[in-house]
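Working notes, structure below.
The values are calculated or read from the model by the stated rules, or taken from the named source; none is laboratory data. Worth saying up front: this structure is predicted, and the values here are computed from it rather than measured. In case anyone asks, the SASA skips ligands and DNA or RNA and just uses the protein heavy atoms, side chains included. Shrake-Rupley method; radii C 1.70, N 1.55, O 1.52, S 1.80 Å.
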Amino acid sequence: MMMSYCALRAGRGLLGCILFLGLLPCSHASELRRYETGYESISKISFDLYKALDAKKRAHLTPVPLLAEKVVTPYLQATLYFDGTNSWQAVTISSGFINFITYLSHAKALEGSQSGLLDNYVTTLAQSRDSLPQLRPIANNESWSFDTMNHQVSHFNQIVGDMIAIEMAHHYLGHYQKYEAQLKSGTVPINSLLTPKEWHEAVMKGARNALDCGISVEGFCLMLQTLEKMKSRPDW
């Protein structure tokens with residue numbers, strides 16, 4: 001019920017807005033080492049989602065996402081993977097997208113102790129043009145405390161789990177196959193092609209898959225709410 005409310009409220013176009021995000025500059029690499037969230041944790045979540053699907057749905061699906069580490073324009077998208085002989089259904093995730101979710105989940109974790117941090121970060125995101133802005137919490141022990149980072153990890157896992165599950169659903173529901181010709185270029189987000197019915201179906205199936213793995217929909221709602229708050233959105 002919660003997922004249906006969030007999905008209908010945000011609309012299918014909102015998720016497509018996150019598909020093109022700026023890559024975090026290398027100068028911030030030292031900051032990222034302070035986070036436990038990253039591709040390794042995403043792979044574990046994805047593998048759990050994969051195992052929770054019935055054998056028919058996962059027959060041609062890769063269990064973990066492909067990492068587009070060097071892609072300048074980051075994204076999260078249902079894609080295809082060729083191993084030289086066979087073609088596999090896959091989900092591709094970029095380093096820039098991982099950085100974005102890392103910062104967003106940290107801002108949410110500090111919402112109670114640093115009033116306005118989340119809204120200010122969303123405003124900064126909306127105004128940014130060429131790169132993903134760094135989150136700048138108040139420099140105190142609370143910002144990186146054990147409890148804060150536990151909450152950061154929780155929000156991160158929820159967002160990533162729901163969104164990967166939805167991208168997987170596009171494969172076993174036949175959406176990727178239907179729009180394959182347009183998607184092969186790698187520049188068109190699948191959400192810009194889906195009908196409202198297809199969008200809702202993928203969200204609901206993905207949410208069910210995530211819930212079967214103990215992943216709450218709250219993080220995904222946070223993502224949609226974040227996009228709703230942006231009066232204008234960057235051309236990422």
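Near residue 68, the amide H atoms lying under 5 Å from its own belong to 93, 94, 95; only residues 5 or more places off or on other chains count, and H is placed 1.01 Å from N.
From the protein chains alone at 1.4 Å, what is the descending order of accessible area for 188, 217, largest first? Let's see the in-between values first.
Working: 188 40, 217 15 Å².
Per-residue accessible area, sorted high to low, gives 188, 217.
For residue 108, the aspartates and glutamates whose Cα falls under 14 Å of its own Cα, not counting residues fewer than eight places away in the same chain, are 119, 142, 147, 218.
Surface listing: 173, 110 arranged by accessible area from highest to lowest gives 173, 110, probe 1.4 Å. Accessible area per residue for segment 69-177, computed on protein heavy atoms with a 1.4 Å probe, is 43 Å². Gain on full extension, evaluated as 0.36 nm per residue between residue 59 and residue 128 minus their Cα-Cα distance, stands at 20.8 nm.
The alpha-carbon of residue 197 sits under 21 angstrom from the alpha-carbons of these lysines, leaving out residues fewer than 8 places away in its chain: 57, 178, 205.
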